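*Asks:* Got a structure for you, questions after.
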């Protein structure tokens, strides 16, 4: 970004002029962007893009954590390879290694069931329910009660919305509790795996290249949605038929060029663009570095365990990948923000808010001092930050067995309550998800590794300062009668792992039906430990609910000030609802004397292809690369384009999002952000934040020349250039 | 290198057109290059550059392993920081950490003695002695005898040349034994350390950035040469006075720009451009990967030992750095040549030789089949490659104590011989060097680490295949009476390290005066082991001498064919004699979608400056960076230029070489090659081979603004822009 003008190529200068296009806009806001969009090359009417159930937005769907799109009238879905990875893994066996070899269903009958819990969500409506959620909540209501009432109203709305069946509804908060929208989605439950390339294409570069540019990953995969013969969502059944969507995207037959407009509809998960200076500093000072340290330690521990053999390695694969992914993201944020620029940006914003309030006494009375109020909430939260991290590690991510026991105990606690009073995850409508989670956990349970991870977390727990101790744990360790912390932990773990059957799936399934009394009567040591930790977790939930209620008072005030400063042109933080972002195909300058071009090539794949994981391009690709049909060759590149960069503004959840050109044709799939742009969850720096896309030209070339997925190409109305 | 035209900036396209300028030419060849040089912007008369003792070539000097140049009439010398590092280290104490803090002599009297063995060599003459060396060597002479006679003639010439005293002479072989030149050099023995920046400037980036671009290292340092009041070389003495060179370089006050011509005079050490396909394949198949494996293991072993404490770490620092440097170089070569392009290039060359010989029967009769003959020599050499590697590791680099014992034993073996019959390193003229080596070894001796390294090498020795076993070692291990190899090695090492005093410098100094009988009578276990290994080493030397004699027959034939193919325009492989290379300031494209600009900036230093080693820029630099006097600011960069790239063709030994512009002004110092260009010792790929230089503008800025070396700037006739 400090590269000199003299070494910039013309296209890079153009890109620098274009800069990034900040904002994950609500579709309803797109018409407001009409002038810029038209200037950038948008040929579609922006008003049309605001129609969520029309063409093309109606073709864009959610898979839960990923975005996807229909690409044929027969329910064919394209998304990222890493979004269908779980389904590939689910169908893989040592004898039939679909991960390594890829999978292509020869006929519809050969399509495989997607992994349990793979649902397709088609947004069918959005409705403003702010009045229902917030109405009549007088200012004097105590914070915890405020949060409870809002939660309850949301649940009531959701239940009413879902009553007809076959739908999934959700009340989403926008602008930090200023606006509540009810989103209705068709929930398709029979989803099948159609096609995924070999890992050496779909995950080429693996962890080494993750978050990185230049990238050479063919990160695409195909599913198909099935419904009952009557066209209704249905449980998986051989009688089901392909879903016929109203709209589907057309894949472009011409690739993008540097400077081209591209846009992305998708379901970005979570951003923190409206957190204050104090909140950002907290995340940078404690939350992120503490997680990085813990993840690094847990990864090292599991990798040591992996030396015990292949089975251990397989069990720990997902955990390590999960820790590493989040850790690398946080490291990127910390690195990019170590100069204090993030806090400086917030401080500047807060100075502007202060100036605004100083100039408008009436507004000042109405809003109070939201910055100071948020600082107070943050201080309250930080007072137990180390304990809360240890608690999370204990009950959620440091030990699969203890987190399972915690879930089972919570389920038993919540079951006797009326459904509307239960915590969200334990409501009837989420029971099957919960049971799928219990089943899914099985592949990550390996008692030795579990114990090693938990040992480390207990080591952190005994280091907690006074005032943040977990008494229930302290008592249990003391009860071992041993002298040192280390000995106490070992003795406690001996008992814990000798006396539990939570490693057995059938036992956990049985436990999931039991009451607290029945669970307690089992005398299972892991369940007993979860039970001992339950009161402290409950106390923390109550505190968090109070904080949430307070935030519902304060954050909308902060946002109202920002709305004023932005003249109403403000996009909300991401919240897993459908958003629109646009930008241009553009490289960037990651550091002094280095320039990144916006497109990579097949020649670059061959440069990296050592044959060893993660650069294990399959032989079929190497063979196909020898002669490229002109239809896939980019003349400027002299090769097949593979991945490209754009200035679009995305985050996790956008994975698999279609990337469209100005005519609304699919030119790629978003699959990652760049390393230098990791900080973008907090701040969008147009000089360096980039979205990484797999190029539809590469997808077509691989389908045609490498994997011979000719039937699918034809189904999408695409030419097959080499059919022999 | 596969970047697309559309993303290239104008200056990069210009650079691509310029390409690299292959060749480390002998100064006498420079006039032949006149047309290209003039076209590229050389303003000096090429004939003038061929004058070794004129201006500017007479200012270029050798420091042994590095190149340097006089930059004032008072004997001031500029070279790389890493070339004066040993002297900085030598004068450093825990109380006065010159490495960390840098050093600047306030007055001449404050200049510090350079490390023992730091000599300055000023070339004063070159004379063709081919006739004396090769004359009357009839073809029938047996190979070993041929090598012996050539060696002896070289020694006689050297002795005659050095007779007047104060000179160092050498007979160097060019074109693989086709041409022999006697080089006479003034040897200045009183050399003092004048100035070296803090390590956070001079070695900024350290091992992390070593071989890498973008680079931000201020790799410069200053020495001064002293002679007797009568102007003769003399041992260090307070009575000595600064040497007054006939010529010294002027430092430019204007920096380079992309596309500018630059040229480098210097002393490149060793290249292998004329090795055959078979020889290159041997290096790639065995020599380099075997060294990489061994170095990696030894580094890991020493790093484990380092955990025992700071003293161990200091002792192992030099060894680890040495292994890592060579290892990284080999890894770079292996990576760049894994596609077989190196062998392909040689195969193509050898096809052209075959075609030439097929077309010229007389030449074919004269030259025979040099390619086949060299292949036979290579096969002979490979027959003991594993044993030879282990032998080298035992006697030279795997254990400092055993290599010292080996040297001492060899010295005793050679001493009784007439001086002319001794191996070069053991001749009287090299005695003080040898004693300095014994003294220098002391800082790397740490018995625990030494044993750990030797244990690993012995582990390799017991794995040697039949036919390559080292019997003397096998017998000693068997004599321990233990059952397994592991137990035998431990038992042997127990005795070896309990029974030796070779870790003591004074003991080794005493041993260096003793005969083989006296040494043997000591009963020192390490000396005894060296003595046991001596016969196998001697046998290997005899075999190597025979191979060398054969090469003296065969290689000149191969070179003669190449000379014919090149129409006589062929540069010789590097051999530590003064050479000339030229090129242009130019970036490159290291891989798909990545472009490197040819210059880095002070802004880039700040980007990297984390404060932690090796990115520990000193506070004075950070402070000075806040306001830059316009005289040091490059308008195009908007910052101070730090390092730059050129297409010049250099190798190890060129470190510290002055980089000159077309007017002969010093614009920088060469200090490294780039990672992608590592293969250049074997093949010069103009697309990616680059020399890395520190920019004289950065040197001047650091001297002026950071270290306030104003006296030195004035001594060089340079302006001081900020003197307050």
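The numbers here are math on the coordinates, done by the rules we state, and not lab data. Since this is a predicted model, take the numbers as computed values, not measurements. So basically every Cβ, Gly included, is an ideal-geometry build from the backbone, and we count neighbours across all protein chains shown.
*Asks:* Would you tell me the mean number of C-beta atoms belonging to other protein chains that fall within 10 Å of each C-beta in A:598-604, as a whole number?
*Replies:* Across the residues of A:598-604, the mean count of other-chain Cβ atoms within 10 Å is 5.
*Asks:* A further question follows. Can you give the FRET efficiency for residue A:308 and residue A:127, using 1/(1 + (r/R0)^6), R0 = 56 Å, r = Cβ-Cβ distance, to the nearest 0.05?
*Replies:* In this case the efficiency is close to 0.55.
*Asks:* If I take R0 = 45 Å and measure r between the Cβ atoms of residue A:498 and residue B:97 in this structure, what FRET efficiency does the formula 1/(1 + (r/R0)^6) give, to the nearest 0.05?
*Replies:* For R0 = 45 Å, the calculated efficiency reads 0.25.
*Asks:* Let me know the shape class of the stretch B:231-280, please: from the alpha-carbon gyration tensor, a ≥ b ≥ c as square roots of the eigenvalues, rounded when a/c is under 1.5, otherwise prolate if a/b is greater than b/c, or oblate.
*Replies:* Note, shape of the stretch B:231-280 comes out oblate.
*Asks:* Run the quick spin-label model on residue B:421 and residue A:610: label points 7 Å from Cα toward the beta carbon, then report their separation in nm to one decimal.
*Replies:* 5.3 nm
*Asks:* State, to one decimal in nm and shortest first, how far the label point of residue B:48 sits from each corresponding label point in the other identical copies (label point: 7 angstrom along Cα-to-Cβ).
*Replies:* Listed shortest first, these distances are 7.2 nm.
*Asks:* Residue A:379 label points, 7 Å along Cα→Cβ, one per copy: pairwise distances from this copy to the rest in nm, shortest first?
*Replies:* Nearest first, the other copies' label points are 8.5 nm away.
*Asks:* So the label point sits 7 Å from Cα along the Cα-to-Cβ vector; using that for residue A:145, what distances do you get to the other copies, in nanometres, sorted shortest first?
*Replies:* Spacings between copies for this position, smallest first, are 11.5 nm.
*Asks:* What distance in nm lies between label points placed 7 Å from Cα along the C-beta direction at residue B:710 and residue B:34?
*Replies:* In this crude label model, residue B:710 to residue B:34 measures out at 4.7 nm.
*Asks:* Still on this structure, I have one more. Could you work out the helix-only [θ] at 222 nm for chain A, with each DSSP H run of four or more residues adding -39,500 (n - 2.57) and the total divided by the number of residues, to the nearest 500 deg cm²/dmol?
*Replies:* Working: 28 runs with 309 residues, N = 724.
Result for chain A: -13000 deg cm²/dmol, rounded to the nearest 500.
*Asks:* Say each of residue B:339 and residue A:623 gets a label point 7 Å from the Cα, pointing the same way as Cα to Cβ; how far apart are those two points in nm?
*Replies:* So the label points at residue B:339 and residue A:623 sit 2.2 nm apart.
*Asks:* May I pose another question? Using only the Cα atoms of the stretch B:479-551, build the gyration tensor, take square roots of its eigenvalues as a ≥ b ≥ c, and label the shape rounded, prolate or oblate: rounded if a/c is under 1.5, else prolate if a/b is larger than b/c, else oblate.
*Replies:* Oblate shape, in that a/c is at least 1.5 and b/c is the bigger or equal ratio.
*Asks:* For a quick check: sort B:70, A:397 by the number of other beta carbons within 10 angstrom, fewest at the front. Each step should come with its number before you reach the end.
*Replies:* Working: B:70 27, A:397 20.
Fewest-to-most Cβ neighbours within 10 Å comes out as A:397, B:70.
*Asks:* Related question: Place the peptides A:23-32, B:540-549 in order of packing, highest mean first, counting for every residue the other Cβ atoms within 10 Å and averaging per peptide.
*Replies:* In descending order of packing, they fall as A:23-32, B:540-549.
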